[in-house]
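Read the structure below first, then the notes.
The values are calculated or read from the model by the stated rules, or taken from the named source; none is laboratory data. If you're wondering where the values come from, they're calculated on a predicted model, not measured in any experiment. Ideal geometry is used to build each Cβ from the backbone, glycine not excepted, and the neighbour counts take in all protein chains shown.
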Amino acid sequence: MVSAADGSSILPLTLRGVGYGVAGRVLLDAVDLEIGPEGRTLILGANGAGKSLLLRLCHGLLQPGAGSIRWSDGPTRAGDPRHAMVFQRPILLRRSARANILHALAMIGLPAAERRYRAEETLARFGLGALAERPARVLSGGEQQRLAMARAWSLRPQVLFLDEPTAALDPAGTRAVEEMIAAFAEGGTKIVMTTHDLAQARRLADEVVFLHQGRLAERTGAAEFFDMPASTPARSFLKGELPW
(Lines give C-alpha, C1' and ligand atoms only; values in the text may rest on other atoms or scores of the structure.)
Protein backbone atom coordinates (compact mmCIF):
# COMPACT_ATOMS: atom_id res chain seq x y z
CA MET A 1 0.00 0.00 0.00
CA VAL A 2 1.34 3.45 -0.93
CA SER A 3 1.49 5.54 2.21
CA ALA A 4 2.56 8.92 3.44
CA ALA A 5 6.13 9.62 4.49
CA ASP A 6 5.25 8.78 8.09
CA GLY A 7 3.80 5.42 7.02
CA SER A 8 0.16 6.42 7.52
CA SER A 9 -2.67 5.90 5.07
CA ILE A 10 -5.22 8.56 4.19
CA LEU A 11 -7.83 5.84 3.69
CA PRO A 12 -10.61 5.20 4.37
CA LEU A 13 -12.35 8.06 2.61
CA THR A 14 -15.67 8.60 4.37
CA LEU A 15 -18.71 10.36 2.94
CA ARG A 16 -21.58 11.14 5.26
CA GLY A 17 -24.85 12.60 4.01
CA VAL A 18 -23.16 14.18 1.02
CA GLY A 19 -25.36 16.32 -1.17
CA TYR A 20 -24.74 18.71 -4.04
CA GLY A 21 -27.05 20.83 -6.12
CA VAL A 22 -27.03 23.60 -8.70
CA ALA A 23 -29.75 26.23 -9.20
CA GLY A 24 -32.18 24.33 -7.00
CA ARG A 25 -31.60 21.01 -8.76
CA VAL A 26 -30.32 18.19 -6.55
CA LEU A 27 -27.51 16.29 -8.31
CA LEU A 28 -26.32 14.16 -5.39
CA ASP A 29 -28.47 13.41 -2.39
CA ALA A 30 -27.59 11.96 1.02
CA VAL A 31 -24.68 9.79 -0.15
CA ASP A 32 -23.14 7.67 2.63
CA LEU A 33 -20.06 5.79 1.49
CA GLU A 34 -16.76 4.55 2.86
CA ILE A 35 -13.95 3.78 0.42
CA GLY A 36 -11.30 1.55 1.95
CA PRO A 37 -7.80 0.64 0.79
CA GLU A 38 -8.52 -2.75 -0.74
CA GLY A 39 -9.38 -3.47 -4.36
CA ARG A 40 -10.43 -1.34 -7.30
CA THR A 41 -13.69 0.56 -6.90
CA LEU A 42 -15.70 1.20 -10.08
CA ILE A 43 -18.49 3.77 -9.98
CA LEU A 44 -21.29 2.93 -12.40
CA GLY A 45 -24.60 4.49 -13.35
CA ALA A 46 -26.51 6.03 -16.20
CA ASN A 47 -25.72 9.46 -17.64
CA GLY A 48 -26.56 12.11 -15.07
CA ALA A 49 -26.39 9.71 -12.14
CA GLY A 50 -23.65 11.80 -10.49
CA LYS A 51 -20.56 9.68 -11.13
CA SER A 52 -18.16 12.39 -12.30
CA LEU A 53 -19.52 14.81 -9.73
CA LEU A 54 -18.86 12.32 -6.97
CA LEU A 55 -15.22 11.96 -8.06
CA ARG A 56 -14.72 15.72 -8.13
CA LEU A 57 -16.13 16.02 -4.64
CA CYS A 58 -13.92 13.22 -3.35
CA HIS A 59 -10.84 14.83 -4.91
CA GLY A 60 -11.68 18.18 -3.35
CA LEU A 61 -12.29 20.05 -6.60
CA LEU A 62 -15.81 20.84 -5.36
CA GLN A 63 -17.21 21.20 -1.87
CA PRO A 64 -20.43 19.42 -0.92
CA GLY A 65 -23.54 21.46 -0.33
CA ALA A 66 -24.46 19.10 2.49
CA GLY A 67 -22.65 16.49 4.57
CA SER A 68 -18.94 15.82 4.89
CA ILE A 69 -16.08 14.12 3.03
CA ARG A 70 -13.02 13.17 5.06
CA TRP A 71 -9.85 11.17 4.75
CA SER A 72 -8.64 9.32 7.82
CA ASP A 73 -6.66 12.41 8.88
CA GLY A 74 -8.94 15.26 7.84
CA PRO A 75 -11.12 16.85 5.16
CA THR A 76 -10.41 16.25 1.50
CA ARG A 77 -8.87 19.16 -0.40
CA ALA A 78 -7.60 19.90 -3.88
CA GLY A 79 -3.84 20.00 -4.29
CA ASP A 80 -3.12 17.23 -1.81
CA PRO A 81 -0.44 15.14 -3.60
CA ARG A 82 -1.55 12.00 -1.79
CA HIS A 83 -4.46 11.70 -4.22
CA ALA A 84 -4.49 12.42 -7.95
CA MET A 85 -7.12 12.59 -10.66
CA VAL A 86 -7.06 11.92 -14.39
CA PHE A 87 -9.94 13.13 -16.54
CA GLN A 88 -11.55 11.82 -19.71
CA ARG A 89 -9.89 14.69 -21.58
CA PRO A 90 -6.34 15.08 -20.24
CA ILE A 91 -5.39 18.46 -18.83
CA LEU A 92 -1.87 19.10 -20.14
CA LEU A 93 0.37 22.15 -20.14
CA ARG A 94 1.67 23.82 -23.28
CA ARG A 95 5.10 22.31 -22.87
CA SER A 96 6.89 19.04 -23.56
CA ALA A 97 5.82 15.68 -22.20
CA ARG A 98 8.84 15.66 -19.88
CA ALA A 99 8.16 19.20 -18.71
CA ASN A 100 4.58 18.27 -17.83
CA ILE A 101 5.90 15.66 -15.42
CA LEU A 102 8.63 17.94 -14.06
CA HIS A 103 6.09 20.68 -13.38
CA ALA A 104 3.84 18.34 -11.41
CA LEU A 105 6.81 17.19 -9.34
CA ALA A 106 7.89 20.78 -8.71
CA MET A 107 4.41 21.57 -7.44
CA ILE A 108 4.80 19.01 -4.64
CA GLY A 109 8.17 20.47 -3.66
CA LEU A 110 10.62 17.79 -4.80
CA PRO A 111 14.25 18.92 -5.19
CA ALA A 112 15.44 19.44 -8.77
CA ALA A 113 17.64 16.35 -8.86
CA GLU A 114 14.83 14.13 -7.60
CA ARG A 115 12.42 15.68 -10.10
CA ARG A 116 14.75 14.86 -13.01
CA TYR A 117 15.33 11.30 -11.80
CA ARG A 118 11.66 10.59 -11.22
CA ALA A 119 10.61 12.11 -14.55
CA GLU A 120 13.06 9.93 -16.49
CA GLU A 121 12.03 6.87 -14.48
CA THR A 122 8.37 7.59 -15.25
CA LEU A 123 8.89 8.14 -18.97
CA ALA A 124 10.85 4.89 -19.22
CA ARG A 125 8.36 2.94 -17.06
CA PHE A 126 5.49 3.66 -19.45
CA GLY A 127 7.33 3.66 -22.77
CA LEU A 128 7.11 7.42 -23.27
CA GLY A 129 10.81 8.17 -23.60
CA ALA A 130 10.62 8.75 -27.35
CA LEU A 131 7.91 11.37 -26.77
CA ALA A 132 9.73 13.22 -23.97
CA GLU A 133 10.58 16.35 -25.96
CA ARG A 134 7.39 16.51 -28.03
CA PRO A 135 4.80 19.16 -27.11
CA ALA A 136 2.20 17.41 -25.02
CA ARG A 137 -0.73 18.98 -26.85
CA VAL A 138 0.29 17.62 -30.26
CA LEU A 139 0.35 14.03 -29.05
CA SER A 140 -2.41 11.67 -30.09
CA GLY A 141 -5.37 11.19 -27.77
CA GLY A 142 -4.03 7.87 -26.52
CA GLU A 143 -0.54 9.32 -25.98
CA GLN A 144 -1.96 12.28 -24.09
CA GLN A 145 -3.92 10.01 -21.78
CA ARG A 146 -0.87 7.83 -21.16
CA LEU A 147 1.11 10.96 -20.33
CA ALA A 148 -1.57 12.15 -17.92
CA MET A 149 -1.55 8.74 -16.25
CA ALA A 150 2.25 8.69 -16.12
CA ARG A 151 2.32 12.17 -14.61
CA ALA A 152 -0.06 11.00 -11.88
CA TRP A 153 2.12 7.90 -11.30
CA SER A 154 5.18 10.09 -10.81
CA LEU A 155 3.49 11.66 -7.78
CA ARG A 156 3.17 8.26 -6.05
CA PRO A 157 -0.43 8.91 -4.95
CA GLN A 158 -2.16 6.75 -2.42
CA VAL A 159 -5.44 7.15 -4.32
CA LEU A 160 -6.04 7.70 -8.04
CA PHE A 161 -9.41 8.98 -9.23
CA LEU A 162 -10.11 8.19 -12.90
CA ASP A 163 -13.05 9.76 -14.70
CA GLU A 164 -13.86 7.77 -17.86
CA PRO A 165 -10.15 7.54 -18.76
CA THR A 166 -10.66 5.44 -21.91
CA ALA A 167 -13.96 6.83 -23.21
CA ALA A 168 -12.34 8.55 -26.22
CA LEU A 169 -9.71 5.90 -26.99
CA ASP A 170 -9.50 3.10 -29.54
CA PRO A 171 -9.00 -0.51 -28.39
CA ALA A 172 -5.20 -0.27 -28.39
CA GLY A 173 -5.28 2.94 -26.36
CA THR A 174 -7.79 1.43 -23.97
CA ARG A 175 -5.60 -1.62 -23.44
CA ALA A 176 -2.56 0.59 -22.75
CA VAL A 177 -4.42 2.63 -20.14
CA GLU A 178 -5.84 -0.49 -18.49
CA GLU A 179 -2.30 -1.86 -18.23
CA MET A 180 -1.28 1.38 -16.52
CA ILE A 181 -4.22 1.05 -14.12
CA ALA A 182 -2.99 -2.44 -13.26
CA ALA A 183 0.48 -1.02 -12.60
CA PHE A 184 -0.95 1.53 -10.17
CA ALA A 185 -2.96 -1.13 -8.37
CA GLU A 186 -0.02 -3.51 -8.17
CA GLY A 187 2.03 -0.70 -6.64
CA GLY A 188 -0.52 -0.21 -3.89
CA THR A 189 -2.47 2.77 -5.21
CA LYS A 190 -6.20 2.66 -4.57
CA ILE A 191 -8.15 3.02 -7.82
CA VAL A 192 -11.54 4.78 -7.82
CA MET A 193 -12.88 5.00 -11.37
CA THR A 194 -15.98 5.79 -13.40
CA THR A 195 -16.80 4.08 -16.68
CA HIS A 196 -19.73 3.54 -19.03
CA ASP A 197 -18.08 0.41 -20.46
CA LEU A 198 -19.59 -2.58 -18.69
CA ALA A 199 -17.07 -4.97 -20.24
CA GLN A 200 -14.29 -2.81 -18.85
CA ALA A 201 -15.97 -2.70 -15.46
CA ARG A 202 -16.14 -6.48 -15.42
CA ARG A 203 -12.41 -6.64 -16.23
CA LEU A 204 -11.28 -4.10 -13.67
CA ALA A 205 -13.71 -3.91 -10.76
CA ASP A 206 -13.26 -5.54 -7.40
CA GLU A 207 -16.26 -3.69 -6.04
CA VAL A 208 -18.99 -1.60 -7.64
CA VAL A 209 -20.62 1.57 -6.39
CA PHE A 210 -23.84 2.09 -8.34
CA LEU A 211 -25.47 5.51 -8.46
CA HIS A 212 -29.04 6.12 -9.60
CA GLN A 213 -30.44 9.62 -10.00
CA GLY A 214 -27.95 11.08 -7.58
CA ARG A 215 -28.36 8.48 -4.87
CA LEU A 216 -26.28 5.51 -3.84
CA ALA A 217 -28.45 2.59 -4.95
CA GLU A 218 -26.03 -0.26 -4.39
CA ARG A 219 -22.50 -1.02 -3.27
CA THR A 220 -21.25 -4.59 -3.50
CA GLY A 221 -18.55 -6.91 -4.78
CA ALA A 222 -18.16 -6.91 -8.55
CA ALA A 223 -19.10 -10.56 -9.03
CA GLU A 224 -22.28 -10.13 -6.99
CA PHE A 225 -23.20 -6.92 -8.79
CA PHE A 226 -22.90 -8.36 -12.28
CA ASP A 227 -24.38 -11.76 -11.46
CA MET A 228 -27.15 -10.80 -9.05
CA PRO A 229 -27.67 -7.06 -8.53
CA ALA A 230 -29.77 -6.32 -5.49
CA SER A 231 -31.53 -3.13 -6.61
CA THR A 232 -34.14 -2.68 -9.31
CA PRO A 233 -32.28 0.27 -10.91
CA ALA A 234 -29.09 -1.80 -11.16
CA ARG A 235 -30.92 -4.71 -12.77
CA SER A 236 -32.45 -2.33 -15.34
CA PHE A 237 -29.08 -0.69 -15.97
CA LEU A 238 -27.37 -4.00 -16.68
CA LYS A 239 -30.17 -4.90 -19.12
CA GLY A 240 -29.63 -1.65 -20.98
CA GLU A 241 -33.00 -0.28 -20.04
CA LEU A 242 -33.54 3.47 -19.62
CA PRO A 243 -33.54 4.46 -15.92
CA TRP A 244 -36.77 6.49 -16.08
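Miscellaneous remarks
- Residue match in region 142-159 (condition: over 26 Å from residue 77 (Cα atoms) and either basic (Lys, Arg) or not in a loop (DSSP other than H, G, I, E, B) (or both)): yes
- Test: residue 146 is of a type in the set (Lys, Arg) and surrounded by 15 or more Cβ atoms within 10 Å (Cβ to Cβ): yes
- Of all residues in region 154-196, those that are in contact with a helix residue (DSSP H, G or I) (Cβ under 7 Å, 6 or more places away or on another chain), more than 16 Å from residue 10 (Cβ to Cβ) and β-branched (Val, Ile, Thr) total 5.
- All positions within region 179-196 that are surrounded by 15 or more Cβ atoms within 10 Å (Cβ to Cβ) and of a type in the set (D, E, K, R): 190
- Every pair of residues 6+ apart whose Cβ atoms lie under 9 Å, when the first sits in region 203-214 and is part of a helix (DSSP H, G or I) while the second is among the polar types (S, T, N, Q): 204/195
- Of residues in region 12-40 being under 19 Å from the mean Cα position of the chain (by Cα) and part of a loop (DSSP other than H, G, I, E, B), the one surrounded by the fewest Cβ atoms within 10 Å (Cβ to Cβ): 38
- Single residue of 134, 175 found to be farther than 22 Å from residue 37 by Cβ, without any contact (Cβ under 8 Å) to a residue 60 or more places away in the chain, surrounded by 15 or more Cβ atoms within 10 Å (Cβ to Cβ) and among the charged types (D, E, K, R): 134
- All positions within region 160-176 that are assigned to a loop (DSSP other than H, G, I, E, B) and under 20 Å from residue 104 (Cα atoms): 165
- Filtered by the rule that a residue be over 23 Å from residue 9 (Cα atoms) and in a helix (DSSP H, G or I), region 76-105 gives 97, 98, 99, 100, 101, 102, 103.
- Residues considered: 115, 82. Of these, the only one that is more than 22 Å from residue 220 (Cα to Cα), at pLDDT 95 or above and touching a Pro at 6+ places or on another chain (Cβ under 7 Å) is 82.
- First in region 80-93 and farther than 18 Å from residue 136 by Cα, second anywhere and modelled with pLDDT of 90 or more and surrounded by fewer than 16 Cβ atoms within 10 Å (Cβ to Cβ), Cβ under 6 Å, 6 or more apart: 81/108
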